[in-house]
Number of protein chains: 2
Amino acid sequence: MNLRDLSLLLDLSQTTVSRALNGFPEVSERTRTRVRAAAELHGYRPSAAARRLATGQSGTLGLVFPRERNMLSDLIFTEFLGCCVEQASDLGYDITLAMARGAQTEEAVYRRAVRSARVDAMILSSPLIADPRLGLLRSLNMPFVLHGRTRSSVPYATLDIDNRSAFLQATRFLCDLGHTRIALINGDRRFNFAADRESGYREALTMKGLTPRAEHLCGGVMTENYGEAEAARMLRLPSDDRPTAFLCSSIAQAMGVKRAAQSLQLKIGEDVSLIAHDDRLADVRAETFDPPLTATQSSIGAAGKRVVELVIQQLREPDAPLPSEVWPVDLVVRASTGPAPRT
Amino acid sequence: MNLRDLSLLLDLSQTTVSRALNGFPEVSERTRTRVRAAAELHGYRPSAAARRLATGQSGTLGLVFPRERNMLSDLIFTEFLGCCVEQASDLGYDITLAMARGAQTEEAVYRRAVRSARVDAMILSSPLIADPRLGLLRSLNMPFVLHGRTRSSVPYATLDIDNRSAFLQATRFLCDLGHTRIALINGDRRFNFAADRESGYREALTMKGLTPRAEHLCGGVMTENYGEAEAARMLRLPSDDRPTAFLCSSIAQAMGVKRAAQSLQLKIGEDVSLIAHDDRLADVRAETFDPPLTATQSSIGAAGKRVVELVIQQLREPDAPLPSEVWPVDLVVRASTGPAPRT
DNA sequence: ACCAATTTCCAAAGCGCTTTGGATAATTTT
DNA sequence: AAAATTATCCAAAGCGCTTTGGAAATTGGT
């Protein structure tokens, strides 16, 4: 059942049927409903290929699978990707994946994706502090939305969460509880989000008259093991230098910190306070942490959905100004934080 | 630069240019090279949309993102997916993702993917013991290849590893070392691969005159925590019942077992032997485990690539018999296994 | 009732490729 | 040298949709 069959059936022209179905104004409401009903009845599905050929749009969004730069723990990326796919399919778009292979540079992957012209726009995630992909896509004339922000001379559409403010708040909150030695176990510092978090952390300390100390600061992968290793290292410092509170970039890292603390008989929420950033993954919940985890929270899934909306919006109105959203992040206080222990 | 421009430029017909580029035999080798050179020179890329429309093939493979059934630990699925994408792109295919949303049934997702006809074939992964998706896709007339096997009345193309034999070998190996109480920490038993592994395990025990015991057997998620919890439970059994060896379905679970053992001052490879299945993920390596881990190994990435090859082969020759490959699995002995401790 | 403005609909021209059914030129056979 | 093959190449017809530039029908104003 194609457009022609349907139009013959309805005794209308293809033009009218097409317009009725696609919501154009120059068709009366009566025929529109008639057309819709018939299409529904006969299970008419427009051919994606034909539409693509006619419009020059592929109805497809591209996303490059960050195998090389998977500093971003896979679980988090997976959630992001999943929600992008979900939202895209709701809006009638497909998402196709590309991937940087061992030998091939990431740039080559982007070039190929663009040249094959199978993709209307791309979604970029986890930008570096200065990310070369922006300039590349710009020069290739490929629209994109960045999940995150970065230092760049080219203008770009972005959705990001307010990492700086989140970690500023969290740090200040710990200071207000009397903590003076606060450790930051961050994500890989080549990424912009990690840099932002660090800057919030530093600013809060400075505001409180404290100086950030190098031995209380580290950045790496978002895993439990990394968190445990770094926390264990810091907790072995002499008691005057040992942190009494930890700030983590992910719940996985916080689990590691908890483990390190426990092996020293330190109780989370009493001897050691703990805050982590909570991406609101379905399986890793701050509220079921033991003890329930104080967290800066923001749903990475919701962000994925919104990014897709933004990118499609941009496709529909190419001349609209590039959107730039920054979501606030809530600090939710639970039982893993408490007043600094007396010396 | 499209086909017509190129043909005008070469003073050939579109037919000839198209055929030259696509390797048809009815074009002389001389003009073929001439055409190829010109195409290269002018950066000609055939339009995917036009080709799709003309051929009725979309050049796209579908894969449903298993959010609900993510018993399969995400890391492993991610590796599988990544390699599928890589191989597909090498062979000129795209992979688009679909996803089962909360409310929507998995079936609806498949139906939608098929109806929208944007996909030539689908890749199915991690089948249940009896998986309804096969019948569904068959009835929708959508070609597919299954990664794994399942109980099904419909014929299907498949690539699987020999899970049964792998776990049979591993179990027998442990028996030969004198172990008589061998625990199996399996994947979720609704999945066929887990059932196969259990059956290999049971068979080996039976062959050796041992009876599998319910308290030594469990199946669940492929995580370190799950492995630790179950191992801890088993290691608390009275010493006559306590397992001296563990068989795990993933390295993550093995890490949990190691942790449980260590917290009881038990040494892996001496007090407790440990074997796990190793999917050959880049970041999780059996050989850098401490101690190096005896493992049944098979690259899930290689399987992903091969699945893509099979599915494309099937697309090219729809009448060829459905392929059915079963890969043998090697047991690689390292230091995590040793003779059963004397009582 | 008549003309202009507005709705509502349509025919036909692409979009860029593949593929069918020949036509023409080169080669071999008789 | 003519006939039969075979190797090359081509014109044109789709594939199923969108969209342009009107035409026909309806409406409104006088």
**Item:** Counted charge near A:S28, where neighbours are those whose Cβ lies closer than 12 Å (Asp, Glu -1; Lys, Arg +1)
**Value:** +2
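Before anything else, pin down the relative contact order of chain A: Cα pairs under 8 Å, at least 6 apart, normalised by residue count, whole percent. Each step should come with its number before you reach the end.
On the way: 635 pairs, mean separation 57.7, N = 343.
For chain A, the relative contact order is 17 percent.
How big is Rg to Rh over the stretch A:33-191, alpha-carbon atoms, Rh as the Kirkwood inverse-mean-distance radius?
Rounded to two decimals, Rg/Rh equals 1.10.
Determine the percent antiparallel among the DSSP beta bridges restricted to the stretch A:185-343, to the nearest 5. Numbers along the way, then the final one.
On the way: 3 of 16 bridges.
Roughly 20 percent of the DSSP beta bridges within the stretch A:185-343 come out antiparallel.
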**Message:** For chain A, set up a GNM with springs between Cα atoms under 10 Å and report which of A:N163, A:N192, A:N141 has the largest fluctuation.
**Reply:** A:N141
**Item:** Pseudo-label separations to other copies for A:D5 - Cα-to-Cβ vector, 7 Å, nm
**Value:** 3.6
**Message:** Going by Cα centres, the stretch A:194-263 and the stretch A:1-32 are how many Å apart?
**Reply:** 63 Å
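Rounded to the nearest 20 Debye, what is the dipole magnitude of the protein assembly as shown about its Cα centre when Lys and Arg each give +1 and Asp and Glu each give -1 at the C-beta? Intermediate values should be presented prior to the final figure.
On the way: 84 positive and 80 negative charges, 180 e Å.
Using only the charged Cβ atoms, the result is roughly 860 debye.
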**Request:** Starting from the Cα of B:S153, step 7 Å along the direction of its Cβ; do the same at A:E107; then give the gap between the two resulting points in nm.
**Result:** 5.8 nm
**Gap separating the Cα centres of the stretch A:137-182 and the stretch A:275-343, nearest whole Å** = 11 Å
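Could you work out the mean count of beta carbons from other protein chains within 10 Å of each residue's beta carbon in B:86-99? All intermediate terms of the calculation are to be shown ahead of the outcome.
Numbers: counts 10, 2, 4, 10, 1, 0, 1, 1, 11, 6, 10, 12, 6, 10.
Per-residue shielding by partner chains comes out at 6.
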**Message:** Charges on Cβ only, +1 for Lys and Arg, -1 for Asp and Glu, centred on the Cα centroid of the stretch B:222-343; of B:F246, B:A302, B:M222, which one is farthest towards the dipole's positive end?
**Reply:** B:F246
**Asked** When you look at the Cβ of every residue in A:45-52, what mean number of other chain Cβ atoms sits within 10 Å?
**Response** 6
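Give the peptides B:19-25, A:332-338 in descending order of average Cβ contacts within 10 Å, highest first. Before the final figure, lay out the partial values.
Details: B:19-25: 13.4, A:332-338: 18.7.
Sorting B:19-25, A:332-338 by mean packing, highest first, produces A:332-338, B:19-25.
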**Asked** For B:L237 and B:I129 in the same chain, what is the full-extension length gain: residue separation times 0.36 nm, less their Cα-Cα distance, in nm?
**Response** 35.8 nm
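If you count, for each residue, the other Cβ atoms within 10 Å and average over each peptide, how do B:32-44, B:225-237 line up from highest to lowest? Working shown, then result.
Values: B:32-44: 14.3, B:225-237: 19.5.
Answer by packing, highest mean first, reads B:225-237, B:32-44.
What does the helix-only formula give at 222 nm for chain B: each DSSP H stretch with n ≥ 4 adding -39500 (n - 2.57), the total divided by the residues, and the result rounded to the nearest 500 deg cm²/dmol? Before the final figure, lay out the partial values.
On the way: 12 runs with 145 residues, N = 343.
It comes out at -13000 deg cm²/dmol, rounded to the nearest 500.
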**Fill in**
Karplus ³J(HN,Hα) for the stretch A:82-97 (6.51 cos²θ - 1.76 cosθ + 1.60, θ = phi - 60°; Hz, whole; x = Gly/Pro) runs x, 6, 4, 4, 4, 5, 4, 5, 4, 9, x, 10, 9, 10, 10, 9
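Arrange the peptides B:119-129, A:8-18 so that the one whose residues have, on average, the most other Cβ atoms within 10 Å appears first. Please report the intermediate quantities before stating the final value.
Working: B:119-129: 22.0, A:8-18: 15.6.
My ranking of the peptides, most packed first, is B:119-129, A:8-18.
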**Complete:** If labels are modelled 7 Å from Cα along the Cβ direction, B:E40 lies from its partners in the other copies at nm distances, smallest first, of 5.6
**Complete:** Label points for A:R111 built 7 Å along Cα→Cβ; distances to same position in the other copies, nm, shortest first, come to 4.6
**Request:** Compare the Cα positions of A:T33, A:L210, A:S263 along the charge dipole of chain A (+1 at Cβ of Lys, Arg; -1 at Cβ of Asp, Glu; about the Cα centre) and return the one farthest towards the positive end.
**Result:** A:T33
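Classify the stretch A:208-343 as rounded, prolate or oblate from the Cα gyration tensor: take a ≥ b ≥ c as the square roots of its eigenvalues, call it rounded if a/c is under 1.5, otherwise prolate when a/b beats b/c and oblate if not.
Working: a/c = 2.57, a/b = 2.19, b/c = 1.18.
Prolate shape, in that a/c is at least 1.5 and a/b is the bigger ratio.
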**Item:** Ellipsoid equivalent to chain A - semi-axes via the Cα gyration tensor, in Å
**Value:** 49, 21, 17
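How high is the relative contact order of the stretch B:143-295, in percent, with contacts defined as C-alpha pairs under 8 Å that are six or more residues apart? Let's see the in-between values first.
On the way: 258 pairs, mean separation 30.1, N = 153.
Here the relative contact order equals 20 percent.
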**Prompt:** Considering amide H positions built from the backbone, and no H for Pro or chain starts, which residues 5 or more places from A:W327, or on another chain, come under 5 Å of its amide H?
**Reply:** A:D160, A:I161, A:D162
**Prompt:** Hey, if you put +1 on the Cβ of every Lys and Arg and -1 on every Asp and Glu Cβ in the stretch A:245-343, which of A:V329, A:A276, A:T343 ends up farthest toward the positive end of that dipole?
**Reply:** A:T343
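Shielding of A:53-60 by partners, i.e. mean partner chain Cβ atoms within 10 Å per residue? Walk me through the intermediate numbers first.
Numbers: counts 8, 2, 1, 2, 1, 5, 3, 5.
That works out to 3 on average.
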**Asked** With N residues in the protein assembly as shown, what two-decimal value do you get for its Cα radius of gyration over 2.2 N^0.38 Å?
**Response** 1.08
**Asked** Quick one: helix B:163-176 against the long Cα principal axis of chain B, what's the angle to the nearest 10°, folded into 0 to 90?
**Response** 30 degrees
**Asked** Counting DSSP beta bridges with both partners in the protein assembly as shown, what percentage is antiparallel, nearest 5?
**Response** 10 percent
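Can you tell me the length gained on complete extension of the stretch A:A282 to A:V332, counting 0.36 nm per residue apart and subtracting the Cα distance?
Values: separation 50, 0.36 × 50 = 18.00 nm, distance 1.72 nm.
Contour length minus Cα-Cα distance gives 16.3 nm.
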**DSSP bridge pairs, chain A: antiparallel proportion in percent, nearest 5** = 10 percent
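Does the stretch B:181-274 come out rounded, prolate or oblate, given a ≥ b ≥ c as the square roots of the eigenvalues of its C-alpha gyration tensor, rounded meaning a/c under 1.5 and, failing that, prolate meaning a/b above b/c? Mind dumping the intermediate values first?
Numbers: a/c = 1.90, a/b = 1.18, b/c = 1.61.
Oblate shape, in that a/c is at least 1.5 and b/c is the bigger or equal ratio.
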**Complete:** Taking a label point 7 Å from the Cα of A:T31 along Cα-to-Cβ, the residues of the stretch A:37-69 whose backbone nitrogen sits under 18 Å from it are A:37-40
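Read-outs throughout are calculated quantities, based only on the coordinates presented, and are distinct from any laboratory measurement. Nothing here was measured: the structure is a model prediction, and the numbers come from that model. Neighbour counts are summed over all protein chains in view; Cβ atoms, including those assigned to glycine, are modelled from backbone coordinates with ideal geometry.
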